[in-house]
Amino acid sequence: MGCFSLDINKTKGTSDITQSDHIERKIIPKNANLTRTHLNRGLVEYPDGVHGMDEAVAHRLNTAGILELEDEARQRERQQAEQIQEIRNTCEQQHRKLSEFTDFVRCYFPYVEKLMPVINFLRERLGFNDGIIRRLCECKEVGIKGELVHKEDE
């Protein structure tokens, strides 16, 4: 397999400055018809204190609002970073709370597991509602009126 290299050299006498001078009409090419090109000279007028194409480009960038847009973009990036950090902090805080709750449930799960048959009995056989069952599980007083009668006694 072969390879080759290609060298491109600029022609002598050409440069970016020459091209810029041509656009600005500082130089006139040999083949230009002077009667037809005079209108191009007055199309672009430089602002006060600006001379040449480079200064004109710099002036345009400074006055076009690009710098303000860059500042606004930086400010929004900072705001976005702050919002992301707030979201992360909130998620971490919620995760911590959930972990604490999970640990709490794991700690008392054997107690709850032992209470489940009693809770099911109270709900299914005696018809107690969840509020009464909750108060009983919290070992609080519950006022119950009426008589407890077993189905076999009826």
Using a 7 Å offset from the Cα along the Cα-to-Cβ direction at both ILE66 and ILE132, what is the distance between the two label points in nm, to one decimal?
8.0
Largest first, what is the accessible-area ranking of THR35, THR90 with a 1.4 Å probe?
THR35, THR90
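The values are calculated or read from the model by the stated rules, or taken from the named source; none is laboratory data. Fair warning: this is a prediction, and the values are worked out from it, not measured in the lab. Using ideal geometry, Cβ is built from the backbone for each residue, glycine included, and neighbour counts are taken over all protein chains shown. Note: accessible area is taken over every heavy atom of the protein model, side chains too, but ligands, DNA and RNA are not part of it. Shrake-Rupley method; radii C 1.70, N 1.55, O 1.52, S 1.80 Å.
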